[in-house]
Amino acid sequence: MQDKGGARGWYEKDAWGLELTNVGVRYEGEGVYPQLEVSGTVDAKGAKLTIDYFEYNARKLKGELTITYASIDSIIRDFDASYTLSSIDYERAKIEGTIKSKDGIIDAAITANALPIEQFIPSSLKIAGDLQLKGKASASLNGNKFSLANFSLLEVQFKMQKGEINGLPFSASGTADFKDSVLSIKDGSFAYLNHKIDAISANYDIKSGSAHFGAQVRSVIAEKLFTAYFNGDGKIAQDNPWNDLQFSGQIAKAIYNSRNIDDIGYVAAFKNGNIDLNLSQANGSNAHASITSMSEFEVSLNNLFKLTGTVKGSVKENAVEADVSLNKFDLAALQMFIPENYIKDMSGSASCSLKISGDLNDPAIDGNIALKAVSFSSNIYLLEKVGPFDADMKVSEGIIELGPAIIKVGTESISLAATASLSRWEIGDIKAFISTQETAALRFKGTIAGLTAKDIRAKTDLTATLSQSGLEIKGNIFLDNGTLEVNPAGFVVSPETAKATVPLSLNIALTLGKNVELYLPGQDLPLVSGMSSPNSALNILYDQASGAFSVTGKVELRSGYVLYLLRNFFIKQCTIEFSENQTKFNPLINAVAELRESSKDGMITVTLSADQTPFENFKPKLSSIPPKSEIELLALLGGGLALSETSDNNPLTIREAMIASSEFLTQNSLFRSFEQRVQKALGLDVLYVRSSFIQKWLLDITGQSTKDLANYLSGTELFVGKYITDSAFAHFILRMAQNPLEETGVLQLDSELGLEFQSPFGLLEWGLSFGKEGTPLNNQKISLSWRINY
């Protein structure tokens, strides 16, 4: 009925016309009907209208319509129209198109931009975005009923822009067409988060009810890429298509984390609210799942994905009741989810019996989980195989509890106990208690903050807590028999470490044993390196998220080297005192070290002394026997062998300077590996060899001169040591020297035997020398020394 506006017109022979002004038309009755308000002109040959207002099902539009026709009597079968529409509520939405009718055939085209998809789907789906459409259609007006059967062509191209699902972006596009009673989708794609479906194709024959689909899936699961091709053929009932579906097909060519997965066949049916699904593989593995009345469910697994067991229960009005019985799960199946550079060669099995009840979002879960014959290897931290071991876990009242369990690591064992919270289907606040068994020590490697261990023995008593804020490790660690680097750069927060997914927090009391070889700041070019004494201990506090850290304590070195002026000074005494934090890393070094140089005047012993000298500004004092000025000593050390054995003080050539300064390279790369092998073979705690043989030889062959073997070996020194007890240390030194007053080339062997005892009153040292003037009885020395810190 017309309810507003006005109209006026005219009529003459074979012609007429109307002029409309805000004419409103609506239908009053039950249900929802369109409401229309238009203005414009209408005559016997056409109409030109402005659509002031059009509303249907809460959607409001405005626009223009132009139509031409041969006569008003044949307007349905012979007309040509074009239109443009825009949304009143969403100005961005635009629709335009054409419609043409000729001889009972209608051809139409439409283009739509920025249609708000949220206006066409339920708000509960939380989907929003702008839909772009471009379509065309051709249909016959023959027959009394207009349906899909009247269409000879129907094609729509669609693309989603600015799409969101739950506030997260997604994209979709494709082409849908209807031709010869077959509805098809081709070139479809869909992407959301880390999931993408490409090459989507599907068709449905509305006459026979048969359907087919195929799609390529790419998805990131647990940070690993999964790809597969899905295909299926089925039957859709014509009279009730959404309540009677049957499909069968394959999940083919599946790959996860570069591992191939055997093809999985499936048969699925949905009818009268019931779902039935069967999965199978060529190796005989299979699974069955059924849902009755969309509430009761049952799942049985027979070695599918190495799982065997059953799940049975129901979901009603957001409440769940279920019994889970997992007979066997082969843990080797987890390997595809774990990078092999972390854990590899995983084996063992798990079984469980769980009861789930309560609110679907946060149910109560109770039961037991059993691990059997679990073993694996790790490329980080642990050098030896873990397991096999058994362990039992209990799940009750939102807590998962493990152990304590005795776990074999190599030939040793550790005790492990752990707890975790279980809430809203998520595991959190994992806390583990780890301690080595009695005298057991684990072979350990890896880097934690600024500490790098290389094949070192570790005894631990630790608590590790994993929560949303990060990983916290606190407790005691005792290190022995290995290599430890203390690198200041490792404690500094870089852009990479600041973005760590699981920030690390440390609170560790670190104690060093008598066979730890320590390098500061690193093994490649250490300022200080040597064997630690049992009195060495560090307290480490570190928060990776904020960058705050604290390293306090003292490391005492029994022997080793101090690198200064590219020369290695052999350590007689050395302590490194740490009181560091995030604003500075500048430990204080106290050291007495020496090196010996043969010269035309005889053997020169150069002593390096450092007293509370900062690491970053290491400038020790130098002295010598026989006494020389500091300028002479710097010249001697700077030129090394090249200067000390020349007959005058001419400046060094580039050849002499480069060879003489390379002593630390041969010491670290050549002698150290030899020393470590001999030390282990003889069961010694300390062994060092110092020699300038290679430098002398290089000087001679590059200078095209030769010397006898005694000259090359002169200055070679061997130092060996052994802890008698934790507080008593015995050492032996053997030196080779050539008497400069003799020209026979005969080497003189000087040796020294010493004993150090850490007493309550200080360090007591006794030494006995051989090979010097006098007898061993009058070549003895004894001393008592101590240090007072204030």
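Points to keep in mind about this one:
- Based on protein heavy atoms only, the stretch 147-232 ends up with 55 Å² per residue of surface accessible to a 1.4 Å probe.
- Summing Cβ point charges (Lys, Arg +1; Asp, Glu -1) relative to the Cα centre of the stretch 181-261 gives a dipole of roughly 340 debye.
- Each Lys and Arg contributes +1 and each Asp and Glu -1, all at the Cβ; summed about the Cα centre of the stretch 458-596, the dipole is approximately 300 debye.
- Ellipsoid semi-axes for the stretch 208-287, based on the Cα gyration tensor and the rule √(5λ), read 28, 14, 11 Å when sorted largest first.
- Surface listing: E485, E580 arranged by accessible area from highest to lowest gives E485, E580, probe 1.4 Å.
- Solvent-accessible surface ranking, highest first, for D330, D80, D524, D130 at 1.4 angstrom: D524, D80, D330, D130
- Note on the stretch 158-313: dipole from Cβ charges, positive end direction compared against I197, Q250, N302; the farthest Cα belongs to I197.
- In this structure V502 has an accessible area near 80 Å², from a 1.4 Å probe over the protein heavy atoms.
- Violating pairs (Cα-Cα greater than 19 angstrom) within the set K145/K207; K136/K179; K584/K621: K584/K621
- Taking the protein heavy atoms of the stretch 406-509 in the context of the full set of protein chains, the accessible area attributed to carbon and sulfur is 54 percent at 1.4 Å.
- Each part gets one Cα centre, and for the stretch 359-381 versus the stretch 77-140 those centres are 54 Å apart.
- The stretch 180-325 shape via C-alpha gyration tensor axes, a/c threshold 1.5: oblate
- In sequence order, the stretch 411-428 has phi-based couplings of 9, 10, 9, 10, 9, 10, 10, 8, 9, 7, 8, 10, 8, 6, 6, 10, 8, x Hz under the Karplus curve 6.51 cos²θ - 1.76 cosθ + 1.60, θ = phi - 60°, and Gly or Pro positions carry x.
- Separation of alpha-carbon centers, the stretch 411-466 and the stretch 533-598, rounded to whole Å: 27 Å
- Rounded to the nearest 10 square angstrom, V555 shows an accessible area of 0 square angstrom against a 1.4 Å probe.
- Per-peptide average of other Cβ atoms within 10 Å, ordering 190-202, 609-621 highest first: 190-202, 609-621
- Using only alpha-carbon positions in the stretch 455-614, the gyration tensor eigenvalues give semi-axes of 34, 17, 12 Å once each is multiplied by 5 and square-rooted (largest first).
- Carbon and sulfur %, accessible surface of the stretch 40-193 computed with the full protein complex present, 1.4 Å: 57 percent
- Think of a 1.4 Å ball rolled over the protein heavy atoms: the stretch 243-356 then has 56 Å² of accessible area per residue.
- Prolate/oblate/rounded call for the stretch 64-138, Cα gyration tensor, a/c under 1.5 rounded: prolate
- Taken per residue, the accessible surface of the stretch 71-132 reaches 58 Å², heavy atoms only and a 1.4 Å probe.
- Filter on K162/K224; K60/K100; K431/K514; K431/K474 - keep pairs with C-alpha separation over 21 Å: K162/K224; K60/K100; K431/K514
- For the set I625, I369, solvent exposure ranked by accessible area (probe 1.4 Å, protein chains only) runs largest to smallest as I625, I369.
- Solvent accessible area, Å² - F151, 1.4 Å probe, full protein context: 50 Å²
- Compactness of the stretch 131-195, expressed as Rg and Dmax over alpha-carbon positions, Å: 15.6, 50
- The overall shape of the stretch 327-428, judged from the alpha-carbon gyration tensor, is prolate: a/c is not under 1.5, and a/b is greater than b/c.
The values are calculated or read from the model by the stated rules, or taken from the named source; none is laboratory data. All values derive from a computational prediction rather than experimental measurement. We place every Cβ from the backbone using ideal geometry, glycine too, and count neighbours over all the protein chains shown. Accessible surface is based on the protein model in full, side chains and every heavy atom, while ligands, DNA and RNA are left aside. Shrake-Rupley method; radii C 1.70, N 1.55, O 1.52, S 1.80 Å.
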